[in-house]
Amino acid sequence: MMILGRRMLKIGLAVFLISSSTTAEELMKDNFESQPETRWSYFSDQVMGGISQGRVTFGSQDRESFAHMTGQVSTENNGGFIQLRRVIAKNSVDSAAGVYIKVRGNGQQYYLHLRTAGTLLPWQYYQASFASTSDWQTVRVPLSDFVRSGNWLSKAIRASSIRSIGIVAYGRDHSADLQIAEIGFY
C-alpha cells in the first residue's frame, strides 16, 4: 500500500509539473513556419478607397522563416497604410506585458497595431512605432508604450482584451520593405 501511495504521489507531481509548465506562461508566438498564410492576412487602405499597393510573401533564407511585406504607401485619397494582421485567440495573451518582434527592413519606421475588444470601429487601434535596420534585430515594446488612436478608447490596454496584432507601414508616402522572422507577446 505504501509503494502504491508513493507511486501515485510521483505521478500526481509529474502531471502537475507538466501541466503547469506548459500552460503557465505560454503566450502567442509566431515564427512564420507551417502555413503562416492561414494565420496572417494582408490588406491595404484600398479597403476604404486609398491607393497604397503592396503584398506579403512568406519565405525562408538561411534556415530563417519570415513574412516579407513590400509596397508603396500613399496618403492620396485619404489612404496611407499596408498591413499584415493576425487574430489573437482569446485568453492566449492574458498575462502579456508587451510585444516583441524580430525584424529587418529598409531603415523606415513601422508600427505595431493592437486591436482589443474595445476597438469596435475599423480606424480604432493602439499603436507603437519601431525603426527597422538592414540587420535582424529584436524590438520589445511594453503594452504601456502603445498609444490609443482616439479619446474614445481606454488609455491603457488590458492584455486579456487583445484580439489582433498588426504590422503596419503607415502614415506617410514611402516604400515599405520589411521582413518579420518572429513576433509574439512576453
GNM on the chain, Cα springs under 10 Å; top mean-square fluctuation among L121, L84, L153 goes to L121
So for the chain, using the alpha carbon gyration tensor with a ≥ b ≥ c as root eigenvalues (a/c under 1.5 gives rounded; past that, a/b versus b/c decides prolate or oblate), I'd call it prolate
Longest principal axis of the chain (C-alpha) makes with the long axis of helix 2-23 (C-alpha) an angle, in degrees to the nearest 10, of 10 degrees
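State the three equivalent ellipsoid semi-axes of the stretch 101-185, derived from the C-alpha gyration tensor as the square roots of 5 times its eigenvalues, in descending order and whole Å. Walk me through the intermediate numbers first.
Values: eigenvalues 111, 42, 20 Å².
They are 24, 14, 10 Å, listed largest first.
Loop only by DSSP, 13 or fewer other Cβ within 10 Å of the Cβ. Give me the GluC sites (Glu not before Pro) in the stretch 29-120 that pass, ordered by residue number. Spell out each step's value before the answer.
Numbers: sites: E33, E37, E64, E76; in loops: E33.
When the GluC sites (Glu not before Pro) of the stretch 29-120 are filtered for loop state and at most 13 Cβ neighbours within 10 Å, E33 remain.
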Highest GNM mean-square fluctuation among V168, V141, V47, for the chain with Cα springs under 10 Å, belongs to V47
GNM of the chain, Cα pairs under 10 angstrom: of W136, W123, W40, the biggest fluctuation goes to W123
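For the chain, the longest stretch holding no trypsin sites (Lys or Arg not before Pro) located in a DSSP loop with at most 15 other Cβ atoms within 10 Å is which?
Details: sites that count: R39, R63, K90, K155, R158, R172.
Here the longest run is 91-154.
Every number here is computed from the coordinates shown, using simple stated rules; none is lab data. Quantities reported herein were computed from a predicted structural model and do not represent experimental measurements. Positions of Cβ are generated from backbone atoms using ideal geometry, with glycine treated the same way; all protein chains shown enter the neighbour counts.
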